[in-house]
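Each reported figure results from applying straightforward, stated rules to the coordinates on display, with no laboratory input. Please read these numbers as outputs of a predicted model, since none were measured by experiment. Every residue, glycine among them, receives a Cβ derived from its backbone with ideal geometry; neighbour counts consider all protein chains shown.
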Ligand code: PD2
Ligand code: ZN
């Protein structure tokens, strides 16, 4: 039995259970208890374990991102949360989610970051240095994977939502834009032809997708803009924008050019999770 042939809910459950450290026997028992036929349950668990072994031996680009949203559903249940699907674009794959975080979680994330903010930088593609740049005038901080219970919970939720193991994620960044601050149009992926990008690409390969979580409502401005697509996403507390830009064969999609437009009034807080082809931190070329 191929893992990909299982239905999306079952795949998601198997994957998140294995990610959470449950072994094959525990999965088998849970499936039996849920009424699955014993033979089917065994094959499904074996398929999930085989996939896990393959990815541990030779970490590959994750497949089937957002496959669950191929079926029509306006809400996805992640644990005890009902995450709304507010807008989707097929290609490039872009999904706007509502209610990914609660208002309280957003507030906690902001408060945990407020005292640690530093001016944001960009990777200099020629030298590999992290430079302060006029195109990016936010300040920010990052949290190591699982650094706090809240960070771990958010990472787990993102992973379950889009079907990508948390290990593929870079540290969660929290960014703050006061009035006037912006991030001019850019790509989130790295150009492999540029020598300065060798180092960032070595730690997990190319970026494949971004999740931007809006932590507050902004009075005016501060949208996420995709100039080539004519798309402008306005921040709403707890909502999250997912966009993917690297195919399984590693081709990147220039239509995902995007930026954070200048905040006109109020302030803007976001949390950003960038996802890699392979486990982030693993130095595989
Ligand atoms: O500020 C934003 O809305 C935004 C959107 C997409 C920021 C980034 N990407 C980024 O920091 O890369
Ligand atoms: Zn970006």
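Quick notes
- Neighbour counting of Cβ atoms within 10 Å sorts the residues 258, 176, 133, fewest neighbours leading, into 133, 176, 258.
- Extents of the range 208-278, taken as max minus min of Cα coordinates on every principal axis and listed largest first, are 42, 24, 14 Å.
- Crossing angle, helix 103-113 versus the chain [Cα axis fit, 0-90 degrees, rounded to tens]: 60 degrees
- The calculated FRET efficiency for residue 265 paired with residue 7, based on their beta-carbon distance and R0 = 41 Å, is about 0.30.
- Contour excess over end-to-end distance, with Cα ends at residue 134 and residue 46 and 0.36 nm allotted per residue: 26.5 nm
- Rounded tilt (10° steps) of 8-19 against the dominant C-alpha axis of the chain: 80 degrees
- Rounded to 10°, Cα long-axis angle of helix 149-162 versus longest principal axis of the chain: 70 degrees
- Ordered by the number of other Cβ atoms lying within 10 Å of each residue's own Cβ, fewest first, 261, 139 fall into the sequence 139, 261.
- Maximal additional length on extending the residue 80-residue 127 stretch stands at 12.4 nm, based on 0.36 nm per residue less the C-alpha distance.
- Of every Cα-Cα pair in the range 110-263, the percent that sits beyond 22 Å: 44 percent
- Anisotropy class of the chain from Cα gyration tensor, a/c 1.5 cut: prolate
- Remark: 279, 114 ranked as 114, 279, counting other beta-carbon atoms within 10 Å and listing the fewest first.
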